[in-house]
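What follows is a set of notes on a single structure, which appears directly below.
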Amino acid sequence: PVVDMRVLRYRSLWAGSLLSIVVGISLYGAVFAVPVFAQNILHFTSQQTGILMLPGALASAFSMPFAAKLVRRYDPRYLLIGGSLGLVVSLRWLANLTPATGAEDFFWPLIFRAVATTMMFMPLNIGTLGPIPREDIAAATGFFNLTRQLGGSIGVALLTTMLERRNAFHQTVVGEKLLATSPQVLQRLDALTQAMALKGASWVDAKAQAFSILVGQVKLQAAVLSFNDTFIATSFLVLCSLPLVFLLGRPK
């Protein structure tokens, strides 16, 4: 669709559209990263992953009526700042993943993230479109919705690329620390070799299996660290976009 160029002169529309891209990146990025972590690291099935995401979806649905009441009473810009800070807290909470992380460790962070993003959507819409005259509201709404969809697409693409690159980086860094002459590494390999030998493997096969297990642990740790990096990067992106809130308007 052709966007009426008149709507692009409104400051609130530009600021809200940029914020919409950031919200799309953080929302769809987190929704994308958590299931990938659950299936690749925790080895969840599709059903288990859906159950893991269900509490956050329910929390988002139940918090929508409260967001509608709050936005009628308070300046949407303040609500947007509060929701953004809540989203940053939830993303930093999610950035503490370890190989021992379980489904219970995602429960409260995902609920907190869902409530925070719900508190951002309606204030962002009102702060962006509220100051725009009625005759331009249709074109402005189309442009604003376009940027939200664009943010989701950009978020998935960026985080996928970041996961791959940070995974390769952490594998290199962690692997460099595992020196062949390190007493800890030799002790770990010896313990794994003996464990494989007790299961009936020959000494040569046991040693090869022990080395394979150690390499797998390095890859697992690197993958977990790369997911943490994506959540941290997304939280910094949200923080850096907060000054745009002050460019939004307050509807009459």
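The values are calculated or read from the model by the stated rules, or taken from the named source; none is laboratory data. A quick note: this is a predicted structure, and the numbers were derived from the prediction, not measured. Please note: Cβ atoms are built from the backbone with ideal geometry, for glycine as well, and neighbour counts cover all protein chains shown. For accessibility, only protein heavy atoms count, side chains too; no ligands or nucleic acids. Shrake-Rupley method; radii C 1.70, N 1.55, O 1.52, S 1.80 Å.
As a check on your grasp of the helix formula, calculate [θ] at 222 nm for the chain: sum -39500 (n - 2.57) over DSSP H runs of n ≥ 4, divide by the residue count, round to the nearest 500.
-28000 deg cm²/dmol
Once Rh for region 176-231 is found with the Kirkwood sum over Cα pairs, what is the Stokes-Einstein diffusion coefficient at 25 °C and 0.890 mPa s, in µm²/s?
Rounded, D is 199 µm²/s.
Work out, step by step, the length gained on full extension between SER212 and LEU242: first 0.36 nm times the residue separation, then minus their alpha carbon distance; give nm to one decimal.
6.2 nm
So what is the relative contact order of the chain, in percent, for Cα pairs below 8 Å that sit 6 or more residues apart?
Value for the chain: 38 percent.
What Rg and what Dmax come out for region 62-185 when only alpha-carbon atoms are used, in angstroms?
20.8, 74
Label-point separation (nm) for PHE62 and ALA195, each offset 7 Å from Cα along Cα-to-Cβ?
About 4.1 nm, to one decimal.
In region 213-252, which residues have a backbone nitrogen under 20 Å from the label point lying 7 Å from GLN187's Cα in the Cα-to-Cβ direction?
Once the point is set 7 Å along Cα→Cβ of GLN187, 213-215, 217-218 turn out to lie under 20 Å by backbone N, inside region 213-252.
Keeping all protein chains in position, work out how much accessible area ILE154 exposes to a 1.4 Å probe, and write it in Å² to the nearest 10.
Rounded to the nearest 10, that gives 60 Å².
Find, among the trypsin sites (Lys or Arg not before Pro) in region 1-110, those assigned to loop by DSSP (not H, G, I, E, B) with at most 14 other beta-carbon atoms within 10 angstrom.
Sites meeting the loop and neighbour criteria: none at all.
Over the alpha-carbon set of the chain, work out the extent along each principal axis and list the three values in angstrom, largest first.
Principal-axis extents of the chain (Cα, largest first): 80, 33, 30 Å.
Against the longest alpha carbon principal axis of the chain, how many degrees, from 0 to 90 and to the nearest 10, is the axis of helix 107-129 turned?
That helix lies at roughly 30 degrees to the long axis.
Mean 1/r over all different Cα pairs, inverted: what Kirkwood radius does region 14-89 give, in Å?
14.4 Å
So, R0 is 25 Å and r is the distance between the beta-carbons of GLN48 and LYS69; what FRET efficiency does that work out to, to 0.05?
0.10
Once the dipole of the chain is set up with Lys and Arg at +1 and Asp and Glu at -1 on Cβ about the Cα centre, which of THR230, LEU247, PHE112 lies farthest towards its positive end?
LEU247
What is the P(r) of region 133-239, as percent of Cα-Cα pairs per 10 Å bin from 0?
13, 26, 21, 16, 11, 7, 5, 2, 0
Under a point-charge model restricted to the Cβ atoms of Lys and Arg (+1) and Asp and Glu (-1), what is the dipole moment magnitude of the chain relative to its Cα centre, in debye to the nearest 20?
720 debye
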